[in-house]
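One structure is given below, encoded as structure tokens.
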Amino acid sequence: LKQPLAQNSVSAYKRALQSDSVPPLPVITAQQCRVSAAVKVATALLLSHNKLSKLKVNAAMAEALESGAGVDVKTTSTSTGQTAASSGGSSEDLPTVGDIIESIGFGFSQFRATMLGGGMFLADGAELLLISSVAKAVSHDWNLQAMERGMLVTIVFLGILGGNIASGLLSEAVGRKSVITWSYLGLFTFSIASSFAAGLRTLMVSRLLVGTFIGLGQPAWNSIGAEIMPSAWRIFALAGAFCMFSVGELYSASLLLADDPSLLYLHWRKLLRRGAIPGGCLALGALLFLNESPVYLAVRGRRKEAQEVLTEMHQQNGITQVRTDYREPGNGSPAKGTNGTWFELLSRQGEIIFGQRLRGTTFVIMYSCFVLNFCYYGCMYAFPQVLAEVLAYRSAASQLLIGALWEFPGNAVGFLIGFFVPRKLGMKVYLVSQAIFMSAFVTGARAVAHGSSNWFFELCLYVGYYGVKTVGTAGFSVVYTYSSEIYPTEARSTGSAVNIAGGRAGSMLAPLVFEAMTDATGSFHMFFVSMILASLLNMCLIDTLRFETANMRLADSVDDHIDQQAEVASIVASDKKQSPIVASGKKYGATTSSSGSESLA
């Protein structure tokens, strides 16, 4: 029996299974045999020291053998004599929803969802640029004070913060798709309403609600995007969404240029109405074509709906062999959060997010999101003023436009980092790069502002500026992907919302800190120094994160994270010993793909 298995002869293995002389063999799951179906089965059998009850090759293993070796595998239960097809077996032998999504792979289904759900970031980019640009026109029409003009922008961030906080509970209670659809509708409605505002109070209330609905939709998309992507492609959910943020900026910029290239005499009411158009279109698209997360449906015990979504994902990705029968998450019953009051649901989620095992991770990721937003929006606020001061009569406006275009390769960089680099290492790369580019910008800007025409300092100025725009954008993909992966399904939206809310606090504080430091020191340098120090501190804190999530399946519980880390550790240890890779005897429910485990090792 061992000889043909060691030679990776699947046909001989099949004959051996069908013979009467096969001794009792161990229970083998697909999750324990990922790297190469036949070789992994052989390795597990060779290293079995005890006489175990029977052999069950589950549905996922049968699929792996069929696709990898071109054979039709049927298994015989030595205890009952019954033959089960590859789709049969006990509930324990079924794949998880995560396993099915891994087998579906990345395709049109995920791309379409990114366009529809990630459009919340398009609306965010469009609204922030529009309201910032028309604030002066509104101030001119209504004779506003400087503080009132500034509050037109700050009030949107306050609304986004409130929406982020509420999004987690709503997403877990009513579903991710519903929250995203409501967000688009609210954004469209109150953007139109703000264009008819008769006074400052009405306008600010409308803009507050616009920000609230933007904030509701973003964590919901972070969750659904992470849950429908194969592990290796999960970074695309946020990289694609942040590309749409840049598209939203370009959309608003085109509206502004068409209205008044000088930006001095803008028709702000007309601009706000036109800026609402993407939200209305995306609301209709999400209502008709965006699917609910199958992971969320499975955890809520809505099995039929989850299977319908999985079937549609198979069809959209061109997969003819549809498999939708999955093992129930956790203990096989619907999540606790299915029943109970919202307060009880929030309490359970809080115990997970701020419990003993994830408390430190949550605080570090909240700080990471704070630094990310503080630096990104701080630079967005500071660059127009700094470049106008440093470049004097040269065109600062053209540099702002060029800097916005650099965000597109920044999104590509974030995608590549997330795709090929482990999450924690990727966050370190972004933070170190950001500190280096900011140091170069401050060095060049300070010298040029004092009249230096040395080419080296001008090179530092421009390289630092473009580098900050590129790396800052890449940071969103890296940090927010990790923040949505680290939490189990029941608390994923709430955990993501908590982290995004921490980031929004940074975006709101950045303009105030810039003005305070500039007023106290008479220079912009200390503000950039503070961002450099915050980035370096953040880099040091990354080492305290307990879990790596790159190429890992999404966890249904914190125990799943621990199991997967233990498996990776065993892979690394066995790789060092140059011995066969054998998973732990415990059934995980699902585990990493072979490519994910081996690349991580």
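Let me spell it out: the conditions are (1) among the small types (G, A, S); (2) at pLDDT 90 or above; (3) open to solvent by 60 Å² or more (accessible area, probe 1.4 Å), and G330 meets all of them except one. Which number is the exception?
Failed condition: (2).
Considering every residue within region 409-424, establish whether at least one is open to solvent by 20 Å² or more (accessible area, probe 1.4 Å), polar (S, T, N, Q) and at negative phi.
For region 409-424, residues open to solvent by 20 Å² or more (accessible area, probe 1.4 Å), polar (S, T, N, Q) and at negative phi: absent.
Go over the candidates L169, L272, L203, L263 one by one and state the one that is under 22 Å from I131 (Cα atoms) and at pLDDT below 80.
So the residue among L169, L272, L203, L263 that is under 22 Å from I131 (Cα atoms) and at pLDDT below 80 is L263.
In a helix (DSSP H, G or I) and open to solvent by less than 10 Å² (accessible area, probe 1.4 Å): is that true of A505 in this structure?
no
For region 95-122, what are the residues that are modelled with pLDDT under 85 and under 21 Å from G215 (Cα atoms)?
Across region 95-122, there are no qualifying residues.
Name every residue in region 512-523 that is part of a helix (DSSP H, G or I) and open to solvent by 30 Å² or more (accessible area, probe 1.4 Å), in order of residue number.
Filtering region 512-523 down to residues part of a helix (DSSP H, G or I) leaves 512-521.
Listed by number, the residues that qualify are L512, V513, E515, A516, M517, T518, D519, A520, T521.
What are the residues in region 242-253 that are at pLDDT below 80 and of a type in the set (G, A, S), if any?
A253
Scan region 134-188 for residues that are among the polar types (S, T, N, Q) and over 20 Å from P511 (Cβ atoms) and jot them down. Let's see the steps before the verdict.
Initially, region 134-188 is screened for residues among the polar types (S, T, N, Q), giving 139, 143, 145, 154, 164, 167, 171, 178, 181, 183.
Across region 134-188, the qualifying residues are N143, S167, S171, S178, T181, S183.
E227 fails exactly one of the following numbered conditions: (1) open to solvent by 10 Å² or more (accessible area, probe 1.4 Å); (2) in contact (Cβ under 8 Å) with a residue 12 or more places away in the chain; (3) farther than 16 Å from G248 by Cβ. What is the number of that condition?
In the conditions (1) open to solvent by 10 Å² or more (accessible area, probe 1.4 Å); (2) in contact (Cβ under 8 Å) with a residue 12 or more places away in the chain; (3) farther than 16 Å from G248 by Cβ, E227 misses (1) alone.
I'd like to verify a number: residues in region 102-128 that are β-branched (V, I, T) and closer than 24 Å to L282 by Cβ, how many?
Residues flagged as β-branched (V, I, T) and closer than 24 Å to L282 by Cβ within region 102-128 amount to 1.
Going through S439, S477, S452 one at a time, which residue ends up being farther than 21 Å from F524 by Cβ and either part of a helix (DSSP H, G or I) or not β-branched (V, I, T) (or both)?
Answer to the selection: S477.
With the requirement that a residue be touching a residue at least 24 places away in the same chain (Cβ under 8 Å), open to solvent by 10 Å² or more (accessible area, probe 1.4 Å), assigned to a helix (DSSP H, G or I) and not small (G, A, S), what does region 137-152 give you?
Scanning region 137-152 gives D141, W142, E148, M151.
Residue-wise test of (1) among the aliphatic types (A, V, I, L, M); (2) within 22 Å of L290 (Cβ to Cβ); (3) crowded, with 22+ Cβ neighbours inside 10 Å; (4) more than 21 Å from the chain's Cα centre (by Cα).
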| site | (1), (2), (3), (4) |
| --- | --- |
| L161 | yes, no, no, no |
| I165 | yes, no, no, no |
| V174 | yes, yes, no, no |
| W182 | no, yes, no, no |
| S191 | no, yes, yes, yes |
| V205 | yes, no, no, yes |
| T212 | no, yes, yes, no |
| L216 | yes, yes, yes, no |
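Just one of A392, A396 is at pLDDT below 80, in contact with a helix residue (DSSP H, G or I) (Cβ under 8 Å, 6 or more places away or on another chain) and of a type outside the set (D, E, K, R); which is it?
Result of the check over A392, A396: A396.
For region 428-456, give me each residue that is open to solvent by 60 Å² or more (accessible area, probe 1.4 Å) and under 18 Å from E389 (Cα atoms).
Correct list: T443, R446, H450, G451, S453, N454.
With the condition kept exactly as written, say whether any residue in region 356-364 is in a helix (DSSP H, G or I), of a type in the set (A, V, I, L, M), under 18 Å from the mean Cα position of the chain (by Cα) and at pLDDT 85 or above. Full working, then the answer.
We begin by selecting, within region 356-364, every residue in a helix (DSSP H, G or I); these are 359-364.
Retained after the next criterion (residues that are of a type in the set (A, V, I, L, M)): 364.
Narrowing further to those that are under 18 Å from the mean Cα position of the chain (by Cα): 364.
So of that shortlist, the ones also at pLDDT 85 or above come out as 364.
Within region 356-364, one or more residues are in a helix (DSSP H, G or I), of a type in the set (A, V, I, L, M), under 18 Å from the mean Cα position of the chain (by Cα) and at pLDDT 85 or above.
State all residues of region 478-499 that are more than 11 Å from the chain's Cα centre (by Cα), within 14 Å of F370 (Cβ to Cβ) and open to solvent by less than 10 Å² (accessible area, probe 1.4 Å); if no residue qualifies, say none.
Passing the criteria: only N499.
The values are calculated or read from the model by the stated rules, or taken from the named source; none is laboratory data. Keep in mind the model is a prediction, meaning the values are calculated, not measured. Heads up, the Cβs are rebuilt from the backbone with ideal geometry, glycines too, and the neighbour counts pull from every protein chain shown. These accessible areas exclude ligands, DNA and RNA; they are computed on the full protein's heavy atoms, side chains included. Shrake-Rupley method; radii C 1.70, N 1.55, O 1.52, S 1.80 Å.
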